[in-house]
């Protein structure tokens, strides 16, 4: 799900090769993208009237009691939907794939007839507003697969690991494939309060799911029932099962804020070589969890667990409290763990805002490198930027929420999304405050839903920095800047210009920018400036030595390219070329008024420019003029005079 060793794993995902853009990058991201592609290319399951009908109730609880094995995707059992009505209700609508046989449906324990059209099921009821109800569905059958159901069949899979040989049955429901294996209301806005998952499997297998394993019951007929219970709100697509011949390997973490150690419960292939191969990688999960608790806040499910179930995936899927994962590599493991905060505890309120899930989880992987493997972090962010810049356009916010390639775009939702979080951190310019804002966000939206603008509002609320332009330009906007600079040392002062063009439809990117200057005989110095237009001019008084080179954005805070970057000895030095022209500015320093005199006949324009490169005054004059500076902030200012032929003269003043 992240930029884990680029090019490290090129497992074939056959259907993606029909979609060139997606196939070029998919191996770098999580397996859910395969599922999304399949699901979104199907016809919509519900029409608008059916969607409106489903909104008339809220799900409180799912109870699944099913029989499965690791040799097929066949499933049989009973699933319950517990809900409460939002208004008077004459029918309850939910989904279950059409291939399943439904033997009986009961409403509050009473057998009830039902209407079924394709995968849509309507159960007649007579319920008042705010009335609780329970619907139980007895069903059995074989979930769809890509062979029997074109553009479907991602909800339940069965396959053998090409590396280890173990055969596994596992679910992957995001975004709309939960109905392919259990009766469900597929609505992001309706999180169930809790879920019970009971899975009966052959005795040689184990079954993993959400929450706490409360009991394993040997049924005496060669099967055992694994009884899992998760007591936290959960989105429908995060409910999961995985069945295989597993061994259990557990470690514990001590994340800050948790009253007790957190168990990390791992179901690993029952193969003598698998656990030894991955054990040290699995153990790293402890450090990742403890780091994320420091940065994002308390692990949301510390009263239950975290864990992994292995399955032959090309990546992973962040099932709540128990990720399904194909292998263990720090970028992937960190990404899926990061989702427990970003995607699970706080879930995107719409697929257009998938950044809340994927952008932050991708950045979680980068934070692991930055804090635990710092030598690897710069190259990782550079690779992230390079991938974003491989195509000039595209926004993080998904304009077409039915377009699979757009929603799970590795370039935009994952990489540009992660880079944007990195930029927001830079704009805040205070790591302690930035991560405190993320912690507050996790608290404010706990067990709930959020859109990208909710993140913006949280940052605005906790900082004097205004993030509105950043979201307009980087989240909703498209493209990235190409920066060019020219600079010159005049006396002890450094003068430089930063200009930029855009790769796409967003014309101007107004954000801070770092530039590192190398000086003769002195250490390099990095200066932070604020870009306010497509061409900005700056002066650094008393730079201390002649500047020999400039490096734009040395720490990769901003997605950008570099154009022309030159030392220009003619830049703002025309006063040296015309000794007959003199510019006097006095008194200097001053707190109230300055006098400007220039022995240049004709019309002149004067600009007063602050240290951020912003022109705070502009007016025309002939030979002399006065400027009242009493209302300006203290600091350095540039007085720039331009005559009608374009020649310029510069003086630096100090406002007391």
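Please enumerate the residues belonging to the stretch 479-492 that are out of contact with any strand residue (DSSP E or B) (no Cβ under 6 Å at 6 or more places or on another chain) and surrounded by fewer than 18 Cβ atoms within 10 Å (Cβ to Cβ). The answer is 490, 491, 492. Taking the conditions (1) touching a helix residue (DSSP H, G or I) at 6+ places or on another chain (Cβ under 8 Å); (2) farther than 23 Å from residue 195 by Cβ in turn, residue 310 satisfies each one other than (2).
Does residue 314 meet the test of being assigned to a helix (DSSP H, G or I), over 23 Å from residue 213 (Cβ atoms) and at pLDDT below 95? No, not satisfied.
Would a scan of the stretch 244-256 turn up a residue that is crowded, with 23+ Cβ neighbours inside 10 Å and out of contact with any helix residue (DSSP H, G or I) (no Cβ under 9 Å at 6 or more places or on another chain)? Yes - at least one qualifying residue is present in the stretch 244-256.
Evaluated against (1) buried (at least 18 other Cβ atoms within 10 Å of the Cβ); (2) out of contact with any strand residue (DSSP E or B) (no Cβ under 6 Å at 6 or more places or on another chain); (3) modelled with pLDDT of 95 or more, residue 506 falls short on exactly one condition, (3). Can you confirm whether the stretch 356-364 contains a residue that is under 22 Å from residue 279 (Cβ atoms) and free of Cβ contacts under 8 Å to residues at least 60 places away in the same chain? Scanning the stretch 356-364 turns up no residue that is under 22 Å from residue 279 (Cβ atoms) and free of Cβ contacts under 8 Å to residues at least 60 places away in the same chain.
Quick check on the stretch 328-346: of everything there that is touching a helix residue (DSSP H, G or I) at 6+ places or on another chain (Cβ under 7 Å) and closer than 23 Å to residue 156 by Cα, which residue is surrounded by the fewest Cβ atoms within 10 Å (Cβ to Cβ)? That would be 328.
Yes or no, residue by residue, for (1) surrounded by fewer than 18 Cβ atoms within 10 Å (Cβ to Cβ); (2) in contact with a helix residue (DSSP H, G or I) (Cβ under 7 Å, 6 or more places away or on another chain); (3) within 23 Å of residue 238 (Cβ to Cβ):
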| site | (1), (2), (3) |
| --- | --- |
| 392 | yes, no, no |
| 406 | no, no, yes |
| 410 | no, yes, yes |
| 415 | no, yes, no |
| 422 | no, yes, no |
| 426 | no, no, no |
| 447 | yes, no, yes |
| 455 | no, yes, yes |
| 461 | yes, no, no |
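Going through (1) in contact with a strand residue (DSSP E or B) (Cβ under 9 Å, 6 or more places away or on another chain); (2) surrounded by 15 or more Cβ atoms within 10 Å (Cβ to Cβ) one by one, residue 556 falls short only on (1).
Can you work out which of the residues in the stretch 246-275 that are touching a strand residue (DSSP E or B) at 6+ places or on another chain (Cβ under 7 Å) and assigned to a loop (DSSP other than H, G, I, E, B) is farthest from residue 202 (Cα to Cα)? Among those that are touching a strand residue (DSSP E or B) at 6+ places or on another chain (Cβ under 7 Å) and assigned to a loop (DSSP other than H, G, I, E, B), it is 255. Please tell me if residue 398 is assigned to a helix (DSSP H, G or I) and surrounded by 21 or more Cβ atoms within 10 Å (Cβ to Cβ). The answer is no for residue 398. Evaluate the stretch 280-288: report whether one residue or more is under 16 Å from residue 341 (Cβ atoms), buried (at least 24 other Cβ atoms within 10 Å of the Cβ) and touching a residue at least 12 places away in the same chain (Cβ under 8 Å). Yes, the conditions are met somewhere in the stretch 280-288. Of note, residue 170 does not satisfy the criterion of being under 33 Å from the mean Cα position of the chain (by Cα) and in a loop (DSSP other than H, G, I, E, B).
Those strands (runs of 3 or more DSSP E) of the stretch 451-532 in which 3 or more residues are over 23 Å from residue 569 (Cα atoms) and either within 22 Å of the chain's Cα centre (by Cα) or not assigned by TED's automatic domain parsing to the domain that holds residue 553 (or both) are absent. The lone criterion from (1) part of a strand (DSSP E or B); (2) under 30 Å from the mean Cα position of the chain (by Cα) left unmet by residue 201 is number (2).
The values are calculated or read from the model by the stated rules, or taken from the named source; none is laboratory data. The structure displayed is predicted, hence computed values, not measured ones. Quick reminder, even Gly has a Cβ in these numbers, built from the backbone with ideal geometry, and neighbours come from all protein chains shown.
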